[in-house]
1. Using Cα centres only, tell me the gap between segment 111-135 and segment 1-50 in whole Å.
2. Hey, which of these cross-link pairs are over 22 Å Cα-Cα: Lys32/Lys121; Lys32/Lys95; Lys69/Lys121; Lys32/Lys93; Lys87/Lys121?
3. Which order do the peptides 23-31, 113-121 come out in when sorted by mean C-beta neighbours inside 10 angstrom, highest first?
4. Keeping all protein chains in the complex and leaving out DNA, RNA and ligands, what accessible area do you get for Glu85 with a 1.4 Å probe, in Å² to the nearest 10?
Amino acid sequence: MKFHSNIPVFGDMTFRGDCPSETVEAVTFFAKIRREYPDTFGKTITHIRNEGARSYQQTAKQKAEGMTKGAPDILIPGNPAFCCELKRQDHTKSKWQEGQQDYLLVAQNQGAFVCVALGYKAAYEAFIFWNDNFLLQNKK
């Protein structure tokens, strides 16, 4: 899996070996955020389900309802927004879906904090980095 040079990657890109699926990593990350920030980020963090097999009719209906190709796994509204694509800790066991890198680059050009995280620990590291360094509510 190749990474775009303009998209920061959190986690060890040299790690190879057994690791949980992206789904398990996402469940762990979302549970941690909701447990540690129940009254703030836990209420606004979201995952837009836009992957998986669909018929032409399902795809057309979902697009009409607002589905956006390439939306990342983790979205948190804020100033700036947090847009994180979660991949497996061993990134060679993951792949880019159509539109994912483009979405991140466009979001970044619009002022969002974007990144790729290799596993839930890396996603949490990215979240803390964003919260401490970018999120404007914490700079007041």
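The values are calculated or read from the model by the stated rules, or taken from the named source; none is laboratory data. Here the structure is a predicted model, which is why all the values come from computation and not from measurement. Neighbour counts are summed over all protein chains in view; Cβ atoms, including those assigned to glycine, are modelled from backbone coordinates with ideal geometry. These area figures cover heavy atoms from the full protein model, side chains too; ligands, DNA and RNA do not enter into them. Shrake-Rupley method; radii C 1.70, N 1.55, O 1.52, S 1.80 Å.
1. The distance from the Cα centre of segment 111-135 to that of segment 1-50 comes to 9 Å.
2. Lys32/Lys95; Lys69/Lys121; Lys32/Lys93
3. Ranking, from highest mean packing down: 113-121, 23-31.
4. Glu85 has an accessible surface of roughly 0 Å² with all protein chains in place.
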